[in-house]
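What follows is calculated from the coordinates using simple rules that are stated; it is not laboratory data. Since this is a predicted model, take the numbers as computed values, not measurements. Reconstructed Cβ throughout: ideal geometry from the backbone, glycine too, with neighbour counts over all protein chains shown.
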Amino acid sequence: MKKVIAIYPGSFDPLTNGHLDLIERGSKIFDELIVAILRNPEKDPLFTLGERRDMLEAMTETWKNVRVDAFEGLMVDYAVKVKASAVLRGIRAISDYEYELQMALMNRKLSPELETVFMMPAEAYSYLSSRLVREIAQLGGSIQGLVPDLVERRLRQKLDPSLKFQEVPKPKSRKKS
Ligand code: PNS
């Protein structure tokens, strides 16, 4: 029987528990799931591509049919390259639907044989987004329970200037007696 390979494309800046919830659901219905991080030279992400990849790899290693990759350019071209026949996207609320439908239909126009599959994350994550996580963390709020502990630690390291720019204490100048 034909193996069904799906890609789960996104920015993942940063990875949230909502993304992980969807990856777990996707891993159960597809033979192989490729989490594909968009390399977008026009965007100025908080985390570098390497950092995002690192966190995703660490958090998905338990699912043996899940792997992490990066892509540039059109998603439909990347899908052909990795022989994917489906694209997984999450829909949290009706507000997501319009944008997701537009993107799915445009991708269908570009590549009619590529199917977009929408899945809903757990209700607890229906209000969660990477953008809000970044904003809350940047303004000093708690993001506990919204992202994996590893991501929380990395966010804190990135945003807390006292951790990032820790000054090396200058040696006291010795007074000559
Ligand atoms: O996590 P995001 O930012 O909502 O993901 C958006 C993403 C990466 C799925 C979308 O921007 C994308 O597929 N970009 C690649 C370029 C492309 O194919 N554009 C045409 C979309 S119809």
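General observations
- Cross-link table K3/K43; K2/K43; K3/K81; K43/K81, entries beyond 26 Å C-alpha to C-alpha: K3/K43; K2/K43
- Pairwise centroid distance, computed over Cα atoms, of region 120-155 with region 44-92, Å: 19
- Phi-based couplings in Hz for region 16-31 (Karplus 6.51, -1.76, 1.60; Gly and Pro marked x): 10, 5, x, 4, 5, 4, 6, 4, 4, 4, x, 5, 7, 10, 10, 5
- Note that region 45-52 has calculated 3J(HN,Hα) couplings of x, 6, 9, 5, 4, x, 5, 5 Hz, one per residue in order, obtained from phi through the Karplus relation 6.51 cos²θ - 1.76 cosθ + 1.60 (θ = phi - 60°); glycine and proline are x.
- Taking amide H atoms as placed 1.01 Å from N in the peptide plane, the amide H of I7 lies under 5 Å from those of I34, A86, V87, L88, each 5 or more residues away in sequence or on another chain.
- Whether the chain is rounded, prolate or oblate, judged on the alpha carbon gyration tensor where a/c under 1.5 counts as rounded: prolate
- Taking label positions 7 Å along the Cα-Cβ direction at both Y97 and V80, the computed distance is 3.3 nm, reported to one decimal.
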